[in-house]
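> Please see the structure below; I have some questions.
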Amino acid sequence: MATWRSDMSTAMRARGFTLIELLLVIVLIAAITTLTVGLLGVGRSGSQLRSAAHTIATELRYTRAQALATGVPQRFEMDLDKRSWITGTHHGTLPSSLQVSFDGVRQEQTGARNAAIRFFPDGSATGGRISLRTQGVGWRVDVRWLTGEVTLARLPDAAP
């Protein structure tokens, strides 16, 4: 009986990982690391894109709220070349990696590459759309002219 127990304990101690199992784990770790590093580059520009779109939408909503609160028309202006915006006392810039385009009322624009949206005290606006893109993905910020409502939506991915 003693022999059977010692054989069992030796067999239990001899268990471990085979060389194939160790190589498989190393290959999986390398693959996960490669994917993570690759995604971080796209993820960073993607998060900058999302953040920029949310910032623009927030500033447009702020401009509308200022027009409603003060009873005075307010303008949101953007220089598309410099990727900078200004509204009242707020101003900022967007990352240079973003492509910015604008569709809106020509009468509000002060130049070919300048965009402007005017909000009125009744909540309405001149309307417009600001589109932001990077690496084939994009977001758009729409301002409805009748209600002044600001919405944010993803753009369809661009074909490679």
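> Quick one: in segment 142-160, which of the residues that are in contact with a strand residue (DSSP E or B) (Cβ under 6 Å, 6 or more places away or on another chain) and small (Gly, Ala, Ser) is surrounded by the most Cβ atoms within 10 Å (Cβ to Cβ)?
Step by step, filter segment 142-160, then rank; the result is Gly148.
> Determine whether segment 124-132 contains at least one residue that is part of a strand (DSSP E or B), on the phi > 0 side of the Ramachandran plot and small (Gly, Ala, Ser).
Yes: segment 124-132 contains one or more residues that are part of a strand (DSSP E or B), on the phi > 0 side of the Ramachandran plot and small (Gly, Ala, Ser).
> What are the residues in segment 122-141 that are modelled with pLDDT of 95 or more and exposed (fewer than 14 other Cβ atoms within 10 Å of the Cβ), if any?
Hit for segment 122-141 is Asp122, nothing else.
> Under the condition of being more than 22 Å from Pro95 (Cα to Cα) and among the hydrophobic types (A, V, I, L, M, F, W, C), which residue from segment 111-142 is farthest from the chain's Cα centre (by Cα)? Give the steps one after another, and end with the answer.
Initially, segment 111-142 is screened for residues more than 22 Å from Pro95 (Cα to Cα), giving 118-127.
Narrowing further to those that are among the hydrophobic types (A, V, I, L, M, F, W, C): 119-120, 125.
Numbers: Phe119: 25, Phe120: 29, Ala125: 25 Å.
So, considering only residues that are more than 22 Å from Pro95 (Cα to Cα) and among the hydrophobic types (A, V, I, L, M, F, W, C), the one farthest from the chain's Cα centre (by Cα) is Phe120.
The values are calculated or read from the model by the stated rules, or taken from the named source; none is laboratory data. Just so it is clear, the model here is predicted, and its values are computed rather than measured. Cβ sites come from the backbone with ideal geometry, for glycine too, and all protein chains shown count toward neighbours.
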